Amino acid sequence: MKNQEMKAFNYDRASVKSGIVHFGVGNFHRAHLEYYNNLLLEDPAERDWGIFGAMIMPSDDKLYHALEKDSGIYDLTVCSPSGERTVFRIGSLTGICWGMEDHERIIRQIASEQTRIITLTITEGGYKSSESGQWSVFRYVAEGLRLRMADNRPITILSCDNLQHNGDTAREAFLSYFRENCPDVALWAEKNVSFPNCMVDRITPATKSGKITDVCCEDFIQWVVEDKFMAGRPGWEKVGVLFTDDVTPYENMKLSLLNASHTLLSYPSYLEGYRKVDEVLADERYRCLIRDFMDKDISPFVPAPEGVDIEQYKDSLLRRFSNAAISDQVSRLCGDGAAKFKVYIVPNLAKMMRCGKDLSRPAFLIASYCKYLMGARTESGEEIVIFEPHLTDRDRQIIASGDPMAFLGLSAFSSLALTECSAFAEQYKNFLNISVSEGLRKLSE
């Protein structure tokens, strides 16, 4: 291992106020927003922007208690492809609460005069509003906003999830919940809550060793945010955040190139026995697959943001995917495919179908996903542990049926009518009947 540098924060945490409530204190959040705010809090003029972590899932138990024991302080190891590591001691998580123990504290923090922003990393599938009786993020926010209404204090809800127009998605999800369960809150929120769109980017694998609180990530980081805040915001531009009037070109580029490429490589490589992303990228078959996908399937439909060289961006993705220092797990990329396909793959595939493009690579991907879910075993016979929290009951019935053509009717693909597209269906059937290796060879011909 090359030299490892430690950088501790230099601000007095006792002087920091929690101006942000964040739902979803997972690895990505601790490597992204907490990292930015940790840098920002070094500025004495920005000490109103500590982050209060709201952990509301039963599974948050171990992480919550570990973070609480250390007063929210943890280490973030940033790894470059050359092997150099910088460890940042992060202190920006200035408060934390587990909803299983104390619902009211989270609600009070949302209602607090100090709080001016609610941020979210609740995953792509987390924006389905749940029943009113459940303690979901929607209920917590509704209860907190009801208290804010008394003094008419606006607030911003900022999604930091990998979704196209994530702010618009958050707005629709929250307002739908409010209209159904608390119409008075809905009426107030329509005028007093803003939902900026943003694009986030930093590859952050699941932590596998060391303290449960510690996080490892790549050295690349990016955040592009629409400057639409109702009650003030941190000076994030001081630490590298880009503010814009329209985040669309940036999110299209990132979701369609980075996230979609991750999805493309994940299922076939896992079926072949690969477990680390950098090892997949060392296989020339997959490098060619991803580059062809980016060049031929994505680039024609994804205009580059102003000032961005799209070819350099694609080159950078291949370098980032090849970063052995972060040891990103293929299994992480495979998880929750039902949500990921809908966001990363389907929008561009619909455009390809409308324009009569070659559909061989998407057909190969979806055939691999079918083998992964329906077979639940790798090509060597190893059992696959499936993580698909957002499959519907009908999706699970289709998978249990074992009918690969019915698989094309999963909710993630239902908008595409894939069985009616002969150009897709024939290639899909062909890829189902051959090995991944044979499929990759066929795609390279």
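The values are calculated or read from the model by the stated rules, or taken from the named source; none is laboratory data. Small disclaimer: the values here were computed from a predicted structure and weren't measured. Backbone-built Cβ (ideal geometry, glycine too); neighbour counts: all protein chains shown. Areas reflect the complete protein model, heavy atoms only, side chains present, ligands, DNA and RNA absent. Shrake-Rupley method; radii C 1.70, N 1.55, O 1.52, S 1.80 Å.
Grab the helices (runs of 4 or more DSSP H) fully contained in segment 384-445, keeping just those with 3 or more residues being among the β-branched types (Val, Ile, Thr) and open to solvent by 40 Å² or more (accessible area, probe 1.4 Å).
Details: elements: 393-401, 422-432, 436-444.
By residue number, no helices (runs of 4 or more DSSP H) qualify.
Just one of the numbered conditions (1) modelled with pLDDT under 95; (2) touching a Leu at 6+ places or on another chain (Cβ under 9 Å) is not true of residue 188; which one?
Among (1) modelled with pLDDT under 95; (2) touching a Leu at 6+ places or on another chain (Cβ under 9 Å), the lone unmet condition for residue 188 is (1).
May I ask you to verify whether residue 6 is open to solvent by 30 Å² or more (accessible area, probe 1.4 Å), assigned to a strand (DSSP E or B) and more than 18 Å from residue 119 (Cα to Cα)?
On the way: open to solvent by 30 Å² or more (accessible area, probe 1.4 Å): yes; assigned to a strand (DSSP E or B): yes; more than 18 Å from residue 119 (Cα to Cα): yes.
Yes: the conditions hold for residue 6.
Here is a check on your reading of the model: is residue 72 over 23 Å from residue 169 (Cα atoms), open to solvent by less than 10 Å² (accessible area, probe 1.4 Å) and not in a strand (DSSP E or B)?
Answer is yes for this residue.
Which count do you get for residues in segment 118-135 that are modelled with pLDDT of 95 or more, out of contact with any Leu (no Cβ under 6 Å at 6 or more places or on another chain) and either under 22 Å from residue 149 (Cα atoms) or exposed (fewer than 15 other Cβ atoms within 10 Å of the Cβ) (or both)?
Qualifying residue count, segment 118-135: 2.
So which residues in segment 250-273 are over 19 Å from residue 221 (Cβ atoms) and surrounded by fewer than 22 Cβ atoms within 10 Å (Cβ to Cβ), if there are any at all?
Once the filter is applied, which keeps residues that are over 19 Å from residue 221 (Cβ atoms) and surrounded by fewer than 22 Cβ atoms within 10 Å (Cβ to Cβ), segment 250-273 yields 252, 263, 272, 273.
Evaluate the following for residue 39: is it among the aliphatic types (A, V, I, L, M), part of a helix (DSSP H, G or I), under 20 Å from residue 238 (Cα atoms) and modelled with pLDDT of 95 or more?
yes
Could you check residue 184 against (1) without any contact (Cβ under 8 Å) to a residue 60 or more places away in the chain; (2) assigned to a strand (DSSP E or B) and say which number it fails?
(2)
Looking at segment 11-24, is at least one residue closer than 26 Å to residue 328 by Cα and open to solvent by 40 Å² or more (accessible area, probe 1.4 Å)?
No, that holds for no residue.
Residue check: is residue 315 charged (D, E, K, R) and either within 23 Å of the chain's Cα centre (by Cα) or part of a helix (DSSP H, G or I) (or both)?
Here the answer is yes, as residue 315 does meet what is asked.
Against the condition within 18 Å of residue 232 (Cβ to Cβ) and basic (Lys, Arg), how does residue 47 come out, does it pass?
Details: within 18 Å of residue 232 (Cβ to Cβ): yes; basic (Lys, Arg): yes.
Taking the combined requirement at face value, the residue satisfies it.
Which pairs turn up if I take residues in segment 164-178 that are under 23 Å from residue 223 (Cα atoms) and of a type in the set (Ser, Thr, Tyr) and look for partners that are modelled with pLDDT under 95 and surrounded by 21 or more Cβ atoms within 10 Å (Cβ to Cβ) with beta carbon separation below 8 Å, at least 6 apart in sequence or on another chain?
169/127; 169/163
Conditions: (1) open to solvent by less than 20 Å² (accessible area, probe 1.4 Å); (2) within 24 Å of residue 247 (Cβ to Cβ); (3) of a type in the set (A, V, I, L, M). Residue 326 meets all but one. Number of the miss?
Every condition holds for residue 326 apart from (2).
On the given criteria, is residue 115 modelled with pLDDT of 95 or more, surrounded by 21 or more Cβ atoms within 10 Å (Cβ to Cβ) and part of a loop (DSSP other than H, G, I, E, B)?
yes
Taking segment 42-68 on its own, how many of its residues are over 20 Å from residue 211 (Cα atoms), assigned to a helix (DSSP H, G or I) and either of a type in the set (Ser, Thr, Tyr) or open to solvent by less than 30 Å² (accessible area, probe 1.4 Å) (or both)?
Selection size over segment 42-68: 1.
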